1. For the chain, give the share of DSSP beta bridges that are antiparallel, in percent and rounded to the nearest 5; count only bridges with both residues there.
2. Report the number of Lys pairs in the chain whose alpha-carbons are under 30 Å apart, with separation of 8 or more residues or on distinct chains.
3. What is the dipole size for the chain, taken about its Cα centre, with +1 at each Lys and Arg Cβ and -1 at each Asp and Glu Cβ, in debye to the nearest 20?
4. Could you tell me what a quarter of the Cα convex hull surface of the chain works out to, in nm² with one decimal place?
5. For the range 74-178, give me the percentage of DSSP beta bridges that are antiparallel, rounded to the nearest 5 percent.
6. Loop-only trypsin sites (Lys or Arg not before Pro) in the range 221-257, please: DSSP not H, G, I, E or B, and at most 13 other Cβ atoms within 10 Å.
7. Sorted by mean Cβ packing within 10 Å, highest first, what order do the peptides 64-71, 148-155, 218-225, 83-90 take?
8. List R49, R322 from most exposed to least, where exposure is judged by having the fewest other Cβ atoms within 10 Å.
Amino acid sequence: MSVSFNVSDVPRETPASAPEWTPIAEEAARAARVLHPERYRMPRPLHRRVLTVANQKGGVGKTTSTVNIAAALAMHGVRTLVIDLDPQGNASTALGVEHRIGTPSVYELLLGEMDLREAAVPSTASPQLLCVPATIDLAGAEIELVSMVARENRLKQALSPEALTELDVDYVFIDCPPSLGLLTVNALVAASEVLIPIQCEYYALEGLGQLLSNIDLVRSHLNTSLHVSTILLTMYDGRTKLADQVTQEVRGHFGDTVLRTVIPRSVKVSEAPGYSQTVLAYDPGSRGAMSYVDAAREIAERGAGRVYLDFLLKIYAAVRERGAGR
Ligand code: ATP
Ligand code: MG
């Protein structure tokens, strides 16, 4: 019996279409950026950037975002300093930095008993990442500061341009406690940018009004350059409708201040500090690690653009002034 068939009958593999391949290629590129950080340098800012990570709501991802974004920048060649300003010392733990009682810490820095160079130590996360740890002593600082001279300016004085230049850091991240007390005010006075992590959960925006009005108060009385530069959505759970609703609400409210990158809820992210590691070291290939690298890159790229624009505007203003003087 002869078998005949038509070429057109032979089933063909469906051609790989662009929409199917694009996400895979993007995923591969994201993984490469985490696994080979030395090949994917992040841009250094023209001027040093100091960011305070604040939200008086507890457990929204302030510390997790601080350590992982700072580690991502450092691993990609940008020298970074983390100031742990929370007596819980969680940032110090995640960065593998000693913070037992008696360790030189941010407490001595605030009291003026030590300078930045003595208190900043290298983190295990990257040689480019330094950390000023917090010990439990800091718990008393909130009260001790009340009676001190220039109580809101203590951290700013410790983070003087000379001290930061000596450490040669491009970025400073200050991890705040979940309150709007004197420690957080010190952080807001010492920085020019605020990064607010918002958890994709019920009542995400609750209490944010109070934080924003405190930022306004600090701006008008103590630090005119302060502004909310970055909002980061954290613990996004794609399985829930609520997470999308919160995301839309926050984007509607804050527009471009919100990073495009959203940090997913991931067990790896929450496990990492238990091993005194960032998620980038604990599981570099995980979605959490990749998202934090993306967030850090966005921050670095935005900063580079903004600072560059500021620089051009300054030159333009200077040229105009000269012209007017003639
Ligand atoms: P606090 O106000 O107490 O300082 P916080 O705002 O600094 O808290 P984190 O400590 O960063 O918040 O996070 C709170 C908890 O949620 C921690 O146990 C952390 O491991 C976990 N967590 C943070 N981000 C994620 C994430 N993307 N996925 C899963 N767990 C997370
Ligand atoms: Mg914290």
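1. Details: 2 of 29 bridges.
Counting only bridges with both partners in the chain, antiparallel ones make up about 5 percent.
2. On the way: K57/K156; K57/K241; K57/K268; K62/K156; K62/K241; K62/K268; K156/K314; K241/K268.
Within the chain, the lysine pair count is 8.
3. Details: 31 positive and 37 negative charges, 188 e Å.
About 900 debye.
4. Details: hull surface 101.4 nm².
Approximately 25.4 nm², given one-decimal rounding.
5. Values: 2 of 11 bridges.
Expressed as a percentage, antiparallel bridges in the range 74-178 total about 20.
6. Details: sites: R239, K241, R251; in loops: R239.
Listed in order of number, the matching sites are R239.
7. Working: 64-71: 29.4, 148-155: 16.2, 218-225: 13.8, 83-90: 24.8.
Highest mean packing first, the order is 64-71, 83-90, 148-155, 218-225.
8. Details: R49 25, R322 9.
Exposure proxy ranking, most exposed first: R322, R49.
All of the numbers you see were taken from the coordinates with simple rules; none came from a lab. For clarity, every value in this text was computed on a predicted model and none was experimentally measured. Here the Cβ is made from the backbone with ideal geometry for all residues, glycine too, and neighbour counts use every protein chain on show.
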